[in-house]
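**Student:** For reference, the structure I am asking about is given below.
What follows is calculated from the coordinates using simple rules that are stated; it is not laboratory data. Computed from a predicted model, the values in this text were never measured in an experiment. All Cβ positions, even for glycine, are placed from backbone atoms using ideal geometry, and neighbour counts span all protein chains on display.
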Amino acid sequence: MTAVAGRPAPGLRRRAAALLHRRPLLRLSLLLSAPLAWLVVAYLGALGAIFLTAFWTTDTFTGEIVREFTAVNFQTLWDEPVYRTIALRSLGVAVAVTAIDMAIGLPMAFYMAKVARPRHRPMLVSAILAPLWAAYLVKAYAWRVMLAEGGPVDQALEPFGLSGPGYGLTATVLVLSYLWLPYMILPVYAGLERLPGALLDASGDLGARPLRTFRTVVLPLVYPSLVAGSIFTFSLSLGDYITVKIVGGRSQLIGNVVYDNVGAANNLPFAAAVATVPVVVMLGYLAAARRTGALREL
Amino acid sequence: MFSVMPDSAVRIRDLRKTFGSVEAVAGVDLDIGDGEFFSMLGPSGSGKTTVLRMIAGFERPTSGTIELGGRDVTSLAPFDRDVNTVFQDYALFPHLDVLRNVEYGLKVRGVPRAERRERARAALRSVRLDGLDGRRPAELSGGQRQRVALARALVNEPKVLLLDEPLGALDLKLREEMQVELKSIQRRAGITFVFVTHDQEEALTLSDRVAVLDRGRIEQVGTPAEVYERPATAFVAGFVGTSNRIGAVRVRPEKIHVGIEPDAGSGGESGGPAEDGPGRDGRAEGGAGTGDRHAFGTVAEVVYAGPATRFVIDLESGDRVVALQQNLRTSSMDVTRHRGARVRIGWHAEHEFSVPETGAGTAPAS
């Protein structure tokens with residue numbers, strides 16, 4: 001900038017800055033217009049387009065999209081038992097993955113936040129984040145190798161007279177749990193780190209054994225963080241179709257139905273209708289989560 | 001008197017705790033009597049809180065033993081010890097309301113609902129906190145939280161109550177109020193209080209006995225008067241109050257009379273203001289510069305501090321002393337014009353004390 005000493009007429013930048021200083025509303029709209037446009041057009045717009053498309057149909061003969069409003073896609077979804085089965089299966093997978101990640105993630109996060117030495121914590125967080133640096137596909141295929149017949153998992157279980165789960169729904173749940181575990185650990189870790197250690201001391205001091213302290217002090221206070229983590233694991237599992245393709249054998253989830261209708265069947269409107277199912281489920285989930293105050297933890 | 005009681009509430013023998021290479025507690029022996037208000041006083045890092053945490057069971061000693069009421073609890077978990085703690089920042093459960101916080105210990109021990117309600121309410125009444133049962137800790141003031149923390153610990157009727165700088169977070173006015181209240185609660189409940197503080201005035205005001213700690217060792221244990229009037233070591237003399245070194249002896253600031261009486265003079269002496277100009281000695285009996293010991297010096301600094309005035313005086317011998325004079329007759333800040341004045345100071349031989357001057361904290365005192 002130029003020197004102030006001579007007090008020359010204020011430059012354009014200076015005058016603009018002064019104007020912005022006087023008008024907070026203008027300042028705010030300049031700051032937010034670009035991201036807001038992105039949010040509305042690209043993000044919500046796409047979602048709206050999907051929802052709109054779901055009410056159109058495809059001409060089975062020409063493959064052209066017929067832009068006439070009809071609920072026939074949703075009717076099919078509801079009437080065909082196979083879709084209901086797939087939807088429930090997908091829901092079951094998402095619930096199982098979330099439950100497994102909670103069961104594994106909570107003790108790990110507790111160790112990281114409350115037991116490990118403070119100077120080791122950044123290292124542990126990095127270790128949790130490290131798998132996220134590897135490509136999703138590579139990790140999924142790595143599991144395919146591990147779970148192959150006679151593969152490492154089979155070999156490891158052999159001495160105990162057991163064998164690996166092979167490809168199928170169990171493998172899908174296993175791999176999805178592995179993939180989304182960091183998304184559970186990190187919010188729970190953040191929540192636990194904010195929990196003062198003195199509260200644990202106080203509970204023990206008042207006569208509570210560790211398990212009781214966990215139930216009556218740790219769990220209620222970390223609950224919103226758990227819900228926050230579960231939003232990630234749940235929604236990511238609900239939308240997945242690649243893992244199940246790679247390790248799921250012949251199992252199908254909602255994502256596969258969407259994918260097949262976009263690709264092979266060339267029925268975009270029906271794919272859109274199927275895609276609204278997880279969206280609706282997630283909206284219900286978020287509404288429930290909101291009541292716990294968990295959305296403040298995100 | 002307490003140290004000779006056969007069964008002390010807390011008995012600690014050669015307690016040590018090292019964190020890595022740091023020796024936080026370096027051999028502490030203590031006997032705390034039943035119903036005693038016992039303070040551990042020391043600067044931060046002196047190990048006082050670590051000792052307290054070991055009594056509570058939050059830290060395991062590296063070596064040494066802790067007995068509570070004659071029972072060795074050294075290796076017991078906190079939930080198996082008959083002590084309760086008031087934490088420095090209260091550690092109230094944020095998701096529970098006041099009543100549930102206070103009930104917590106009783107609930108954990110399986111006291112039936114009606115009884116624990118009753119007892120929790122009584123405990124809240126005893127700390128004068130009625131009608132806030134449904135509030136969450138976040139909705140309370142600092143002083144109220146302090147009371148909830150106290151009630152939560154007292155409701156369990158522990159043999160020993162541990163208090164870790166419980167008043168540290170309160171402002172001065174409230175702190176003084178809570179001091180009085182703590183003392184009266186302790187007297188009423190008859191519970192042994194082990195009170196950790198770095199505030200020497202607080203320790204002297206509240207305690208039956210005080211242990212002064214430095215660098216993981218106990219420097220002195222005694223009544224407040226003993227610790228203040230007859231410090232055992234140079235560290236105690238310096239940490240508990242201010243001590244002036246005059247030649248080979250030490251004298252407390254308030255025991256030194258300064259040969260300046262700014263207003264109205266001393267009692268019967270007549271003829272003009274009795275304030276002594278430079279070069280003149282205050283010789284008024286009962287007034288300035290009295291005592292059977294004297295020294296001369298120059299006023300280097302005068303600080304008016306409300307109820308008292310603090311003089312910093314450079315003696316001819318080269319020692320610098322601080323003298324505290326109550327502002328009994330001084331009605332204004334005009335005392336400050338005595339800066340640079342030559343004065344005579346006096347004190348009584350009986351107020352002199354001496355400590356081993358071979359450097360602070362060389363030997364464990366107990």
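**Student:** Using a 10 Å cut-off around each Cβ, can you sort A:Val227, A:Val138 from fewest to most neighbouring Cβ atoms? Mind showing how you got there, number by number?
**Tutor:** Details: A:Val227 26, A:Val138 9.
Fewest to most other Cβ atoms nearby, the residues stand as A:Val138, A:Val227.
**Student:** Also, I was wondering about something else. For peptide A:205-217, compute the average count of partner chain beta-carbon atoms within 10 Å of each residue's beta-carbon. Walk me through the numbers before you get to the answer.
**Tutor:** Details: counts 18, 19, 15, 7, 5, 2, 0, 3, 2, 0, 0, 7, 5.
Other-chain Cβ atoms within 10 Å of each residue's Cβ, averaged: 6.
**Student:** So, one more: Would you mind telling me which residue in B:Glu181, B:Glu350, B:Glu254 has the biggest mean-square fluctuation in a Gaussian network model of chain B, where springs connect alpha carbons within a distance under 10 angstrom?
**Tutor:** Of B:Glu181, B:Glu350, B:Glu254, the Gaussian network model singles out B:Glu350 as fluctuating most.
**Student:** Using the Cα centre of the protein assembly as shown as the reference point, and only Cβ charges (+1 on K/R, -1 on D/E), how large is the resulting charge dipole? Debye, rounded to the nearest 20.
**Tutor:** It works out to roughly 1820 debye.
**Student:** While we're on this one: What list do you get for B:Lys173, B:Lys48, B:Lys255 if you sort them by fewest beta carbons within 10 Å? Could you put the intermediate results ahead of the total?
**Tutor:** On the way: B:Lys173 9, B:Lys48 30, B:Lys255 19.
Listing B:Lys173, B:Lys48, B:Lys255 from fewest to most nearby Cβ atoms yields B:Lys173, B:Lys255, B:Lys48.
**Student:** Between A:Leu52 and A:Ala287, what is the FRET efficiency for a Förster distance of 22 Å, r being their Cβ-Cβ separation, to the nearest 0.05?
**Tutor:** On the way: r = 23 Å, r/R0 = 1.03.
Working from the Cβ atoms, E equals 0.45.
**Student:** For the pair B:Asp292 and A:Leu236, what calculated FRET efficiency results from E = 1/(1 + (r/R0)^6), where r is the Cβ-Cβ distance and R0 = 60 Å, to the nearest 0.05? Could you put the intermediate results ahead of the total?
**Tutor:** On the way: r = 87 Å, r/R0 = 1.45.
Calculated value: 0.10.
**Student:** A further question on this structure: Any aspartates and glutamates with Cα under 14 Å of the A:Lys245 Cα? List them, leaving off those in the same chain fewer than 8 positions away.
**Tutor:** Candidates past the 8-residue exclusion: A:Asp260.
**Student:** Please state, rounded to one decimal and in Å, the Kirkwood hydrodynamic radius that segment B:1-133 gives when every pair of distinct Cα atoms enters the mean of 1/r. Walk me through the numbers on the way to the answer.
**Tutor:** Working: mean 1/r = 0.0592 Å⁻¹.
For segment B:1-133, inverting the mean 1/r across all distinct Cα pairs yields 16.9 Å.
**Student:** Is it possible to state the helix-based mean residue ellipticity at 222 nm for chain A, with each DSSP H run of 4+ residues giving -39500 (n - 2.57), the sum divided by total residues, to the nearest 500 deg cm²/dmol? What is it?
**Tutor:** Values: 15 runs with 197 residues, N = 298.
Calculated at 222 nm, the ellipticity per residue is -21000 deg cm²/dmol.
**Student:** Quick one: of the DSSP bridges fully inside the protein assembly as shown, what percent are antiparallel, nearest 5?
**Tutor:** Values: 49 of 67 bridges.
About 75 percent, rounded to the nearest 5.
**Student:** Give me the net charge of B:Ser317's neighbourhood, meaning all other residues with Cβ under 15 Å from the Cβ of B:Ser317; Lys, Arg count +1, Asp, Glu -1. Don't jump to the answer; show the numbers that get you there.
**Tutor:** Values: positive: B:Arg245, B:Arg250, B:Arg293, B:Arg320, B:Arg342, B:Arg344; negative: B:Asp314, B:Glu316, B:Asp319, B:Glu352.
Once positives and negatives cancel, what remains is +2.
**Student:** Taking the Cβ-Cβ separation of A:Met123 and B:Thr62 as r and a Förster radius of 30 Å, what is the calculated FRET efficiency to the nearest 0.05? Intermediate values should be presented prior to the final figure.
**Tutor:** Values: r = 27 Å, r/R0 = 0.89.
It comes out at approximately 0.65.
**Student:** Continuing with this model, one more query. With springs only between Cα atoms under 10 Å apart, run a GNM on chain A and tell me which of A:Leu186, A:Leu106, A:Leu19 wobbles the most.
**Tutor:** A:Leu19
**Student:** Ok, one more. Please state the relative contact order of chain A as a whole percent: Cα pairs under 8 Å, 6+ residues apart? Don't jump to the answer; show the numbers that get you there.
**Tutor:** Values: 307 pairs, mean separation 72.1, N = 298.
Across chain A, relative contact order equals 24 percent.
**Student:** Stokes-Einstein D for segment A:1-113 at 4 °C, 1.567 mPa s, Kirkwood Rh over Cα pairs, in µm²/s? Can you show the working numbers first?
**Tutor:** Details: Rh = 21.1 Å.
It comes out at roughly 61 µm²/s.
**Student:** Show the residues, 5+ positions off or on another chain, whose built amide H is closer than 5 Å to the amide H of B:Val343.
**Tutor:** B:Gly297, B:Thr298, B:Val299
**Student:** Cross-link partners among aspartates and glutamates for B:Lys255, C-alpha distance below 15 Å, same-chain residues fewer than 8 apart left out?
**Tutor:** List returned: B:Glu229, B:Asp292, B:Glu350, B:Glu352.
**Student:** Give me Rg/Rg_expected for segment A:12-53, where Rg uses Cα atoms only and Rg_expected = 2.2 N^0.38 Å with N residues. Each step should come with its number before you reach the end.
**Tutor:** Values: Rg = 16.0 Å, N = 42, 2.2 N^0.38 = 9.1 Å.
Working it through for segment A:12-53, the quotient is 1.75.
**Student:** Pairs of alpha-carbon atoms within less than 8 angstrom and 6+ residues apart define the contacts here; what relative contact order does segment A:150-298 have, in percent? Write out the running numbers ahead of the final one.
**Tutor:** Values: 135 pairs, mean separation 40.9, N = 149.
Normalised by residue count, the contact order of segment A:150-298 is 27 percent.
**Student:** Over the alpha-carbon set of chain B, divide Rg by the Kirkwood Rh and report the Rg/Rh ratio to two decimals. Show your work: numbers first, answer last.
**Tutor:** Values: Rg = 24.7 Å, Rh = 23.0 Å.
Ratio of gyration radius to Kirkwood radius: 1.07.
**Student:** Considering every pair of different Cα atoms, what Kirkwood radius, in Å, is found for the protein assembly as shown? List each step's numbers first, then the result.
**Tutor:** Details: mean 1/r = 0.0312 Å⁻¹.
For the protein assembly as shown, the Kirkwood estimate is 32.1 Å.
**Student:** At a 10 Å Cβ-Cβ cut-off, how would you order A:Ile50, B:Ile55, fewest neighbours first? Each step should come with its number before you reach the end.
**Tutor:** Values: A:Ile50 17, B:Ile55 26.
With the fewest neighbours first, A:Ile50, B:Ile55 line up as A:Ile50, B:Ile55.
**Student:** Within chain A, which DSSP H helices have Cα atoms that stretch 18 Å or more along the helix axis and a mean Kyte-Doolittle hydropathy of at least -1.0?
**Tutor:** Numbers: long enough: A:24-37 (19 Å, 1.49); A:81-110 (43 Å, 1.30); A:169-194 (37 Å, 1.18); A:219-238 (27 Å, 1.52); A:268-291 (35 Å, 1.46).
The answer, listed by residue number, is A:24-37, A:81-110, A:169-194, A:219-238, A:268-291.
**Student:** Considering the alpha-carbon set of segment A:203-277 alone, what are its Rg and its Dmax in angstrom?
**Tutor:** When restricted to the Cα atoms of segment A:203-277, Rg and Dmax are 20.8, 65 Å.
**Student:** A further question follows. In nm, to one decimal, how far is the modelled label at B:Thr223 from the one at A:Asn266, with both set 7 Å along Cα→Cβ?
**Tutor:** 10.3 nm
**Student:** I've got another one for you. Which is farthest toward the positive dipole end of chain B among B:Leu92, B:Gly340, B:Gly47, measuring Cα position about the Cα centre, with Cβ charges +1 (Lys, Arg) and -1 (Asp, Glu)?
**Tutor:** It is B:Leu92.
**Student:** Determine the shape class of chain A: with a ≥ b ≥ c the square roots of the Cα gyration tensor eigenvalues, call it rounded for a/c under 1.5, and otherwise prolate if a/b is greater than b/c, oblate otherwise. It would help to have the intermediate numbers written out before the result.
**Tutor:** Values: a/c = 2.00, a/b = 1.09, b/c = 1.82.
Here chain A falls in the oblate category.
**Student:** With an 8 Å cut-off on Cα pairs and a minimum separation of 6 or more residues, tell me the relative contact order of chain B in percent.
**Tutor:** Values: 787 pairs, mean separation 59.9, N = 366.
Answer for chain B is 16 percent.
**Student:** Which helices, taking whole DSSP H runs in chain B, have alpha carbons extending 15 angstrom or more along the helix axis plus mean Kyte-Doolittle at least -0.5? Walk me through the numbers before you get to the answer.
**Tutor:** On the way: long enough: B:98-108 (16 Å, 0.28); B:113-126 (20 Å, -1.70); B:142-154 (18 Å, -0.32); B:172-189 (25 Å, -0.88).
Result, helices passing both filters: B:98-108, B:142-154.
**Student:** Continuing with the same structure: Determine which aspartates and glutamates satisfy two conditions relative to B:Lys107: a Cα distance under 19 Å, and not lying fewer than 8 residues away in the same chain.
**Tutor:** Cross-link targets: A:Asp201, A:Asp205, B:Asp80, B:Asp82, B:Asp97, B:Glu115, B:Glu118, B:Asp133, B:Glu157.
**Student:** Just to be sure I understand: with springs between alpha-carbon atoms less than 10 Å apart, which residue in B:Gly346, B:Gly247, B:Gly33 has the highest mean-square fluctuation in the Gaussian network model of chain B?
**Tutor:** With Cα springs under 10 Å in chain B, the top fluctuation among B:Gly346, B:Gly247, B:Gly33 is at B:Gly247.
**Student:** Output ³J(HN,Hα) for segment B:69-86: one whole-Hz value per residue in order, computed from phi by the Karplus curve 6.51 cos²θ - 1.76 cosθ + 1.60 with θ = phi - 60°, and x for Gly and Pro.
**Tutor:** Calculated HN-Hα couplings, in order: x, x, 9, 6, 10, 3, 9, 7, 6, x, 6, 9, 10, 8, 10, 9, 10, 9 Hz.
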